[in-house]
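Presented below is the structure to which this report refers.
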Amino acid sequence: MNKDYIISIIVPTLNSDRHIATLLDSVREQKFKRCEVIVVDNGSKDKTLKIAKKYKVKIVNSLGNPPQVARQRNLGAKVARGDYLYFMDHDMELSKDFLKHFSEKILIPKYSDIDAWYVPETIISNSKFLSTVRNFEAQFIDGTVVSAARLIKRESFYLTSGYDHKLSSGPADWDLDIQLRLKDFKFAVFDKRVYHHEENLTIKSYIFKKTTYIKGEEIYKKKWRNNKYVYNNIVVKQY
């Protein structure tokens, strides 16, 4: 194992002061301490950086017009010192003993050679309808073509081309997952969850969010169209 950290948590931010403290608190409350948090900020104008500095996390600045999520994740991976990279969103929260459980899990022989992990999510929403729908959706996707591994061995991540910058407004997660699969890496579903805070999500904003992905989706489809196996067995099934 790396002498510094076992896990590097990489968090892209942009005006994320509503949720970032919840995420950082959930890390600080973990019993397992051999982890680092890297906040990669895309020019926040709110209190995001002020909050992050209070937690003494590593801060990296990512320049350029948003969305820059793919570039932010790659920048975080570049400076990470952990053996595993966990790419979290700013509005996520670790469950109790998540890191301790993972550190113990990877010491078990049959899990030590897993390259990439799918992490189940529990959606937290103020809308009972959206919460029911999103959590119903989430229970079907872990480890399938409509999921994406985000907890990845650093050495395995470096064997890919990283997150595609052109897909920051689209399925960059899916794209990286395909890259990992083409390397014949081993995957598993982790048995601890993260909480995904979507309290501000409405049906209208959810639909708007999905429509912003359209441009990225077309780039993604075009990128893999010539690989018939990937396109027919993964991309087509995803859509």
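Summary table
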| quantity | calculated |
| --- | --- |
| Yes/no for Ser8 being under 27 Å from Asp115 (Cβ atoms), part of a helix (DSSP H, G or I), at pLDDT 95 or above and open to solvent by less than 50 Å² (accessible area, probe 1.4 Å) | no |
| Answer residue from segment 11-59, given it is hydroxyl-bearing (Ser, Thr, Tyr) and part of a loop (DSSP other than H, G, I, E, B) and is least open to solvent (accessible area, probe 1.4 Å) among those | Ser16 |
| Filter result (crowded, with 19+ Cβ neighbours inside 10 Å and aliphatic (A, V, I, L, M)) within segment 65-99 | Val69, Ala70, Leu75, Ala77, Ala80, Leu85, Met88, Met92, Leu94, Leu99 |
| Residue among Asp173, Asp184 that alone is over 14 Å from the mean Cα position of the chain (by Cα), at pLDDT 65 or above, of a type outside the set (Lys, Arg) and open to solvent by 30 Å² or more (accessible area, probe 1.4 Å) | Asp184 |
| Complete set of residues in segment 60-69 that are of a type in the set (S, T, N, Q) and not in a strand (DSSP E or B) | Ser62, Asn65, Gln68 |
| Residues within segment 211-225 that are of a type in the set (A, V, I, L, M, F, W, C) and modelled with pLDDT of 95 or more, tallied | 1 |
| Residue within segment 35-57 that is closer than 22 Å to Phe102 by Cβ, within 20 Å of the chain's Cα centre (by Cα) and touching a residue at least 60 places away in the same chain (Cβ under 8 Å) present | yes |
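The values are calculated or read from the model by the stated rules, or taken from the named source; none is laboratory data. Nothing here was measured: the structure is a model prediction, and the numbers come from that model. Backbone-built Cβ (ideal geometry, glycine too); neighbour counts: all protein chains shown. Keep in mind that these areas ignore ligands, DNA and RNA; they rest on the heavy atoms of the full protein, side chains included. Shrake-Rupley method; radii C 1.70, N 1.55, O 1.52, S 1.80 Å.
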